[in-house]
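See below for the structure under consideration.
The values are calculated or read from the model by the stated rules, or taken from the named source; none is laboratory data. Keep in mind the model is a prediction, meaning the values are calculated, not measured. Cβ sites come from the backbone with ideal geometry, for glycine too, and all protein chains shown count toward neighbours. Accessible surface areas use protein heavy atoms only, side chains included; no ligands, DNA or RNA. Shrake-Rupley method; radii C 1.70, N 1.55, O 1.52, S 1.80 Å.
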Amino acid sequence: MEHEAVGNLHAHTRYSDGEGVHVDIARAAIRAGLDFVVVTDHNVWVQGMDGYRYQEGKRVLLLTGEEIHDQEREPQKNHLLVYEARAELARYAPDPQILIQEANEHGGLAFVAHPIDPPAPLFGEDDLSWEAWDIQDLTGLELWNFMSEFKSKLTSIPRALYYAYNPGLIAQGPFTSVLERWDHMLAQGQRLVAIGGSDAHATPVTMGVLKRVIFPYEFLFRCINTHVLLPGTLSGETARDRSAIFNALRAGSAFIGYDLPASTTGFRFRAQGEDREIGMGEELRVRLGVTLQIRVPRPAQLRLLRSGLEIKRWQHTQTAVHTVREPGVYRVEAHLPYRGKLRAWIFSNPIYLKT
Ligand SMILES: [Zn+2]
Ligand SMILES: [Zn+2]
């Protein structure tokens with residue numbers, strides 16, 4: 001029986017530029033209701049931390065990946081999230097293609113972190129976007145990164161303070177240019193898995209007389225998460241569950257959920273062919289037609305896209321069915337009104353229909 005696990009794939013500790021330690025992240029993840037959380041410190045793979053952490057009868061699987069970039073480069077662009085390589089790969093940072101190759105050769109997964117990460121000069125923050133697009137063999141992209149979206153709003157001190165004190169107003173959706181790039185790469189025949197991440201640092205910032213932690217781990221773990229669909233429930237055994245989570249992620253059996261407005265748990269996107277039904281990340285022959293089935297945990301605006309173009313929209317619905325006869329890369333977005341705006345809520349991974 002398919003089992004859904006909710007996790008956050010991008011967080012920092014004191015091993016790099018985060019404020020907390022691993023146990024702080026585990027506790028925050030438990031409070032936020034996550035099943036797993038992955039610590040991705042900059043240019044350091046911290047061994048010996050993986051395992052279940054328990055508190056008050058609840059548990060979370062804490063895992064360790066790495067966010068790698070070339071620290072000699074100015075500005076320090078091209079951040080790569082590496083999971084499951086089980087080795088220190090930071091020495092390969094100067095050449096992103098070699099780094100991706102090494103991640104793959106170690107059995108790992110490689111995702112472009114925050115593909116667009118705008119500068120915030122008022123706060124001394126550089127543009128840390130990905131530039132090395134002439135690359136192959138990526139697992140996927142971090143389509144939606146909370147901190148990059150926050151940086152895009154830091155255009156004046158009053159505006160920065162407004163969002164710092166109203167963090168629930170920050171997230172609206174991935175940058176359009178990132179979505180377009182993903183769709184373009186998919187349309188060219190690449191298989192790229194989309195993930196979402198908080199990029200949690202829990203950084204104390206001082207802005208004039210105001211000082212606070214932007215943003216606590218727990219708040220961020222209630223925001224942009226990645227939900228994976230596993231073949232069975234989590235066993236409680238670290239190595240086994242870690243493999244199950246990363247296998248599902250590698251296969252694209254996952255979706256991005258902005259869980260703050262409402263939990264996205266229960267979202268499904270499936271395709272029913274003549275003799276077979278598949279889920280996200282899988283491929284099916286279109287033949288005489290395929291029925292796409294979408295389910296969201298509460299009524300929302302649903303958009304169905306084929307190869308980057310919207311082909312159908314439902315304004316306020318919880319389930320939708322649509323039969324298609326054209327091959328292409330199909331994906332779903334759900335949008336929800338929250339705090340005065342229609343905001344992105346769910347991004348499926350694609351279903352691939354072939355001739
Ligand atoms: Zn980064
Ligand atoms: Zn990061």
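In segment 73-93, which residues are in a loop (DSSP other than H, G, I, E, B) and modelled with pLDDT of 95 or more?
Lys77, Asn78, His79, Glu84, Ala85, Arg86, Ala87, Glu88, Leu89, Ala93
Picking from Ala171, Ala239, Ala244, Ala160, which residue would you name as being closer than 28 Å to Gly340 by Cβ and outside any loop (DSSP other than H, G, I, E, B)?
Step by step, each of Ala171, Ala239, Ala244, Ala160 is checked, and only Ala160 is closer than 28 Å to Gly340 by Cβ and outside any loop (DSSP other than H, G, I, E, B).
Taking segment 118-142, which residues are in contact with a Phe, Trp or Tyr (Cβ under 8 Å, 6 or more places away or on another chain), open to solvent by 10 Å² or more (accessible area, probe 1.4 Å) and within 16 Å of ligand 1 (Cβ to nearest atom)?
Listed by number, the list holds a single entry, Leu138.
Failed condition for Ser156, given (1) of a type in the set (Ser, Thr, Tyr); (2) over 14 Å from the mean Cα position of the chain (by Cα); (3) closer than 16 Å to Leu9 by Cα, with all others met?
(3)
Within segment 186-236, how many residues are within 16 Å of ligand 2 (Cβ to nearest atom) and polar (S, T, N, Q)?
The qualifying residues number 4.
Any idea which of (1) open to solvent by less than 50 Å² (accessible area, probe 1.4 Å); (2) out of contact with any Gly (no Cβ under 8 Å at 6 or more places or on another chain); (3) farther than 20 Å from Glu180 by Cβ is the one Phe267 doesn't satisfy?
Exception for Phe267: condition (2).
Out of (1) surrounded by 24 or more Cβ atoms within 10 Å (Cβ to Cβ); (2) at pLDDT below 95; (3) farther than 20 Å from Pro174 by Cα, what's the single condition that is false for Thr203?
(1)
If a residue must be under 14 Å from Arg268 (Cβ atoms), open to solvent by 60 Å² or more (accessible area, probe 1.4 Å) and not hydrophobic (A, V, I, L, M, F, W, C), how many such residues does segment 301-332 contain?
Adding up the residues that qualify gives 2.
Any residue in segment 331-348 that is in a strand (DSSP E or B) and within 30 Å of Arg86 (Cβ to Cβ)?
yes
What is the one condition in (1) within 17 Å of Thr265 (Cβ to Cβ); (2) open to solvent by 80 Å² or more (accessible area, probe 1.4 Å) that Ala344 does not satisfy?
The failed condition is (2).
Val39 - would you say it is under 30 Å from Pro94 (Cβ atoms), modelled with pLDDT of 95 or more and open to solvent by less than 10 Å² (accessible area, probe 1.4 Å)?
Answer is yes for this residue.
Look at segment 248-307 and say how many of its residues are closer than 17 Å to Ala194 by Cα, part of a strand (DSSP E or B) and small (Gly, Ala, Ser).
Of the residues in that region, 2 qualify.
Filter segment 21-32 down to the residues that are open to solvent by less than 50 Å² (accessible area, probe 1.4 Å) and out of contact with any helix residue (DSSP H, G or I) (no Cβ under 6 Å at 6 or more places or on another chain), then identify the one that is farthest from ligand 2 (Cβ to nearest atom).
In this case the residue turns out to be Ile30.
Of Glu274, Glu282, which residue is surrounded by fewer than 21 Cβ atoms within 10 Å (Cβ to Cβ), of a type in the set (Asp, Glu), farther than 29 Å from Arg31 by Cβ and touching a Ser or Thr at 6+ places or on another chain (Cβ under 9 Å)?
Just a single option satisfies the conditions, and that option is Glu282.
Does segment 2-53 hold any residues that are away from ligand 1 (no atom under 16 Å from the Cβ), on the phi > 0 side of the Ramachandran plot and assigned to a loop (DSSP other than H, G, I, E, B), and which are they?
Selection gives Gly33, Gly48.
Only residues that are of a type in the set (D, E, K, R), part of a loop (DSSP other than H, G, I, E, B) and in contact with a Phe, Trp or Tyr (Cβ under 9 Å, 6 or more places away or on another chain): list them for segment 184-225, please.
Arg191, Asp199
Of all the residues that make up segment 155-175, how many are farther than 20 Å from Ala344 by Cα and open to solvent by 20 Å² or more (accessible area, probe 1.4 Å)?
Counting residues in segment 155-175 that are farther than 20 Å from Ala344 by Cα and open to solvent by 20 Å² or more (accessible area, probe 1.4 Å) gives 8.
For a quick check of your reading of the model, give me the residue pairs whose first member lies in segment 1-17 and is more than 15 Å from ligand 2 (Cβ to nearest atom), whose second is in a loop (DSSP other than H, G, I, E, B) and among the polar types (S, T, N, Q), with beta-carbon atoms closer than 7 Å and at least 6 apart or on different chains.
Pairs that qualify, where the first residue is more than 15 Å from ligand 2 (Cβ to nearest atom) and the partner is in a loop (DSSP other than H, G, I, E, B) and among the polar types (S, T, N, Q), are His3/Thr233; Glu4/Thr265; Val6/Thr265.
Could you please give the count of residues in segment 33-52 that are under 24 Å from Thr264 (Cα atoms), away from ligand 2 (no atom under 16 Å from the Cβ) and not hydroxyl-bearing (Ser, Thr, Tyr)?
4
Could you check, for segment 54-62, whether at least one of its residues is within 16 Å of ligand 2 (Cβ to nearest atom) and over 20 Å from the mean Cα position of the chain (by Cα)?
No.
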